[in-house]
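The values are calculated or read from the model by the stated rules, or taken from the named source; none is laboratory data. Bear in mind the structure is a predicted one, so any value in this text is a computation, not a measurement. Here the Cβ positions follow ideal geometry from the backbone for every residue, glycine too, while neighbour counts run over all protein chains shown. Just the protein is used for accessible areas: all its heavy atoms, side chains included, with ligands, DNA and RNA removed. Shrake-Rupley method; radii C 1.70, N 1.55, O 1.52, S 1.80 Å.
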Amino acid sequence: MSQMAEQVRVYEVGPRDGLQNEAQPITLDAKLQYLELLADAGLREIEATSFVSPKAIPQLADADELMTRLVRRAGVRYPVLVPNRRGMQRAMEAGVEAVCVFTAASEPFTQHNIGMSIAESLEAFGEVLAPARQRGMWTRGYVSTAFGCPYQGEVGEAAVVGVARQLLDLGVDEVSIGDTIGVAGPRDVHRVVGALLDAGFGPRQLAMHFHDTRGTALANVSAALELGIRTFDASTGGTGGCPYAPGAAGNLATEDLVYLLEREGLEHGIDLEKLLVAAHFIADTLDRPLATKVGQAGGWDAGEVAAAAER
Ligand code: COA
Ligand code: ZN
């Protein structure tokens with residue numbers, strides 16, 4: 001009897017983190033089609049957009065219309081970013097069912113990104129999370145710059161644990177720990193995730209959000225898998241970056257993550273061929289070549305190779 005493969009959650013951030021920093025206008029129709037293709041590929045959690053200030057993130061200024069027009073697929077969750085009461089009002093009017101709040105482990109980044117101190121941000125999130133929980137919404141909290149800050153440099157694990165703890169105390173269902181500028185290596189993952197686990201966090205309360213800015217994201221995923229983490233954020237096509245995090249290019253590509261999970265024998269529920277259709281679609285939409293590893297090489301079906309050799 002074969003053992004049942006272990007489940008990993010792949011949390012897609014392409015439509016939000018992937019597109020938020022793109023300067024060229026992307027039509028609402030293209031965004032909706034991208035969301036369709038991602039659901040077609042088997043993704044069950046797709047972060048769709050942000051209800052932030054349109055001045056802060058002009059690319060996602062169409063969030064209201066996007067979430068109003070989006071045809072929800074059964075079994076798919078479409079979380080959105082919400083920074084404050086105003087955003088929550090808009091999100092509720094657009095029929096949103098899952099929300100994410102976002103702060104960071106370093107003060108200067110939080111100040112640049114949302115114009116608040118970490119403490120002020122946590123206070124503002126009460127006004128988002130209280131109505132969200134009242135309505136039975138799923139909620140997530142982000143801790144950005146958990147491995148390094150573009151304005152401060154190193155970030156200590158105690159700061160990460162402290163902010164993550166406060167988010168959980170506010171009632172979020174999970175906390176996503178972000179390497180916003182892609183500086184971490186596996187040793188850092190052991191240090192930060194180790195500190196979170198030591199502080200009493202369960203592996204299922206945590207997600208990891210790696211950027212592949214310096215090519216270390218998959219090594220970091222492996223390290224997190226060893227520590228029992230089973231939720232990973234990724235962006236199909238490897239798009240991404242934050243306007244307030246200079247040099248934060250490139251989320252871990254979902255196709256690269258899925259290929260790794262495949263070879264690790266972990267169940268993920270995603271069809272790689274269909275995922276590559278979505279990856280090519282967004283690359284074409286942005287008028288650039290698909291630059292991810294698996295996007296270029298494709299998957300690898302050993303059985304098919306052997307069958308071809310026999311023919
Ligand atoms: N949706 C739409 N408009 C909003 C808004 C929201 N959620 N929150 C604030 N605004 C508007 C206000 O109405 C005001 O508009 P006005 O200038 O026309 O009067 C303006 O934005 C400023 O509002 P204020 O409350 O002073 O906020 P701020 O300028 O200090 O900005 C945030 C605070 C959090 C709203 C803003 O920094 C933001 O949206 N940041 C998001 C950054 C982000 O998404 N980063 C990437 C993710 S990591
Ligand atoms: Zn990110």
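For T236, work out the one condition from (1) open to solvent by 60 Å² or more (accessible area, probe 1.4 Å); (2) within 16 Å of the chain's Cα centre (by Cα) it doesn't fulfil.
Looking at each condition in turn, T236 falls short on (1).
Just one of A207, A164 is touching a strand residue (DSSP E or B) at 6+ places or on another chain (Cβ under 6 Å) and surrounded by fewer than 24 Cβ atoms within 10 Å (Cβ to Cβ); which is it?
Of the residues listed, the single one that is touching a strand residue (DSSP E or B) at 6+ places or on another chain (Cβ under 6 Å) and surrounded by fewer than 24 Cβ atoms within 10 Å (Cβ to Cβ) is A207.
For Y244, work out the one condition from (1) open to solvent by less than 10 Å² (accessible area, probe 1.4 Å); (2) within 16 Å of ligand 1 (Cβ to nearest atom) it doesn't fulfil.
(1)
Table: residues versus (1) within 14 Å of ligand 2 (Cβ to nearest atom); (2) touching a residue at least 60 places away in the same chain (Cβ under 8 Å); (3) open to solvent by 20 Å² or more (accessible area, probe 1.4 Å).
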{"site": "A224", "(1), (2), (3)": "no, no, no"}
{"site": "G250", "(1), (2), (3)": "yes, yes, no"}
{"site": "K293", "(1), (2), (3)": "no, no, yes"}
{"site": "D301", "(1), (2), (3)": "no, no, yes"}
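Could you list, in sequence order, all residues of the stretch 152-181 that are more than 14 Å from ligand 1 (Cβ to nearest atom) and in a loop (DSSP other than H, G, I, E, B)?
Selection gives Q152, E154, V155, G156, L170, G171, V172, D173.
Each row is one residue, and each column tells you yes or no for (1) in a strand (DSSP E or B); (2) more than 15 Å from ligand 1 (Cβ to nearest atom); (3) over 28 Å from P131 (Cβ atoms).
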| site | (1), (2), (3) |
| --- | --- |
| D29 | no, yes, yes |
| L35 | no, yes, no |
| L43 | no, yes, no |
| S53 | no, no, no |
| M67 | no, no, no |
| Q89 | no, no, no |
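Within the stretch 148-164, which residues are out of contact with any Leu (no Cβ under 9 Å at 6 or more places or on another chain) and either among the small types (G, A, S) or touching a residue at least 24 places away in the same chain (Cβ under 8 Å) (or both)?
Matches in the stretch 148-164: G148, C149, P150, Y151, Q152, G153, V155, G156, A158, A159, G162.
Among the residues of the stretch 55-74, is there at least one that is charged (D, E, K, R), open to solvent by less than 20 Å² (accessible area, probe 1.4 Å) and modelled with pLDDT of 95 or more?
Checked against the condition, which is being charged (D, E, K, R), open to solvent by less than 20 Å² (accessible area, probe 1.4 Å) and modelled with pLDDT of 95 or more, the stretch 55-74 yields no hits at all.
So, in the stretch 91-107, exactly how many residues are touching a residue at least 40 places away in the same chain (Cβ under 8 Å), open to solvent by 10 Å² or more (accessible area, probe 1.4 Å) and part of a helix (DSSP H, G or I)?
Total satisfying the criteria: 2.
Can you name the residue in the stretch 75-87 that is within 13 Å of ligand 1 (Cβ to nearest atom) and either outside any loop (DSSP other than H, G, I, E, B) or touching a Gly at 6+ places or on another chain (Cβ under 6 Å) (or both) and is also most open to solvent (accessible area, probe 1.4 Å) among such residues?
Looking at residues that are within 13 Å of ligand 1 (Cβ to nearest atom) and either outside any loop (DSSP other than H, G, I, E, B) or touching a Gly at 6+ places or on another chain (Cβ under 6 Å) (or both), I get R86.
Which residue is most open to solvent (accessible area, probe 1.4 Å), if the candidates are limited to the stretch 148-161 and must be among the aliphatic types (A, V, I, L, M) and under 20 Å from the mean Cα position of the chain (by Cα)?
Among residues in the stretch 148-161 that are among the aliphatic types (A, V, I, L, M) and under 20 Å from the mean Cα position of the chain (by Cα), the one most open to solvent (accessible area, probe 1.4 Å) is V161.
What are the residues in the stretch 115-147 that are among the β-branched types (V, I, T) and either surrounded by 22 or more Cβ atoms within 10 Å (Cβ to Cβ) or in contact (Cβ under 8 Å) with a residue 60 or more places away in the chain (or both), if any?
V128, V143, T145
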